[in-house]
Amino acid sequence: AALSGLPDPEGARAATEAFNRGVLRVDIFALRADGRADGALTPLLGDTAPALLAGQRYLLEVIVRTLGTLGHEYTQGTVDSNETWLDVTVRAGDRVIARSGAMDDGNTVDPWSKFFNVYMLDRDGQRIDRRNPQDIFVPLYNQQIPPGAADLTRYAFTVPADVHGPITVDAAVRYRKFDTTYMRYVYGAEYVNVLPVMTLATDQVVFGGAAIPPAGSAIASVVVAPAAPAAPAATPAWERWLDAGIAHFRVADRAAGKGQWAQADQAFAEAAAAGRVEGWIGRARVALRDGRIDEAASYLRTAAEKHPGQLPWSVAYW
């Protein structure tokens, strides 16, 4: 409606937003110590929240999951010009500590943001950015999320030494039909992108309340997190673990393992311990990709024995 001038553009926008409601879930899932991907893990943020030490570096794991109403990759379609990204803000009160996914004065999204698109190249290595599919040669990356799958993004941040109050982390998945680069081909280099931006999913975790530093500590302050609302409230713990397993599996699979299979296996093991057959199947898939064939067979036998009649086609396939 914003492009064509059709009657009742606000009504069309509202209908579009309603149609896309429930297609994604974003979960600020875990915190890792020392800003490292293999740092000590505190999972299920929102249900439990650790103390954050001022001056220390941390790593957030943010998971985006496609849900049952989506029957194809997100976004599919014109993925070279669709603009959909992860917008994450870490702040203490009104002070922004870290940000990824912001828009500038021209409504251009920070190019270092995490996009769920396909970055397509022509034969000269230039991006396909003006809807010129005849020049497509090879994708630099494809960060779409398949149906029923999950994606992992890691964000590192350091707690400033002078922070003495709550720290809030907000995450949102946003979508806009065309990015600013493409729109400026149409309207000129000074164009401000006014196309509507939909927010498809949000999550928030609050780490809050100042505390006295430990005795003998050289750290300026300690930020202590009380219990925060579950994130997201309607998602059980086993499903969040399963999402984490799927997301870590896809990261490890793209990187040919690189030592990350253990993180996927850990997440699937938690889902299995919660009584879910999907967890055993996930562990079997990890073992298969990691070359541990006997273990994979054992996990599949356990899935069949512990959960007879549940997902028998998946057990049989693997």
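The values are calculated or read from the model by the stated rules, or taken from the named source; none is laboratory data. Fair warning: this is a prediction, and the values are worked out from it, not measured in the lab. Backbone-built Cβ (ideal geometry, glycine too); neighbour counts: all protein chains shown. What goes into the accessible areas is simple: the full protein's heavy atoms, side chains included, and nothing from ligands, DNA or RNA. Shrake-Rupley method; radii C 1.70, N 1.55, O 1.52, S 1.80 Å.
Is it the case that ARG57 is of a type in the set (D, E, K, R), modelled with pLDDT of 85 or more and more than 19 Å from the chain's Cα centre (by Cα)? So ARG57 passes the test.
Just one of the listed residues (THR78, THR89) is polar (S, T, N, Q), closer than 28 Å to PRO133 by Cα, open to solvent by less than 40 Å² (accessible area, probe 1.4 Å) and outside any helix (DSSP H, G or I), namely THR78.
With respect to the conditions (1) under 19 Å from ALA33 (Cα atoms); (2) in contact with a strand residue (DSSP E or B) (Cβ under 8 Å, 6 or more places away or on another chain); (3) open to solvent by 40 Å² or more (accessible area, probe 1.4 Å), ALA161 lacks only one, and its number is (2).
If you scan the stretch 165-195, which residues turn out to be over 18 Å from ASP104 (Cβ atoms), open to solvent by 40 Å² or more (accessible area, probe 1.4 Å) and not in a strand (DSSP E or B)? The answer is PRO166, LYS177, TYR185, VAL186.
Between ALA30, ALA18, ALA12, ALA37, the distinction of being on the phi < 0 side of the Ramachandran plot, open to solvent by 20 Å² or more (accessible area, probe 1.4 Å), under 19 Å from the mean Cα position of the chain (by Cα) and of a type in the set (A, V, I, L, M) belongs to ALA37 only.
Taking the stated definitions as given, is GLY125 surrounded by fewer than 15 Cβ atoms within 10 Å (Cβ to Cβ), in a loop (DSSP other than H, G, I, E, B), modelled with pLDDT of 90 or more and over 22 Å from the mean Cα position of the chain (by Cα)? Spelling it out, GLY125 is indeed surrounded by fewer than 15 Cβ atoms within 10 Å (Cβ to Cβ), in a loop (DSSP other than H, G, I, E, B), modelled with pLDDT of 90 or more and over 22 Å from the mean Cα position of the chain (by Cα).
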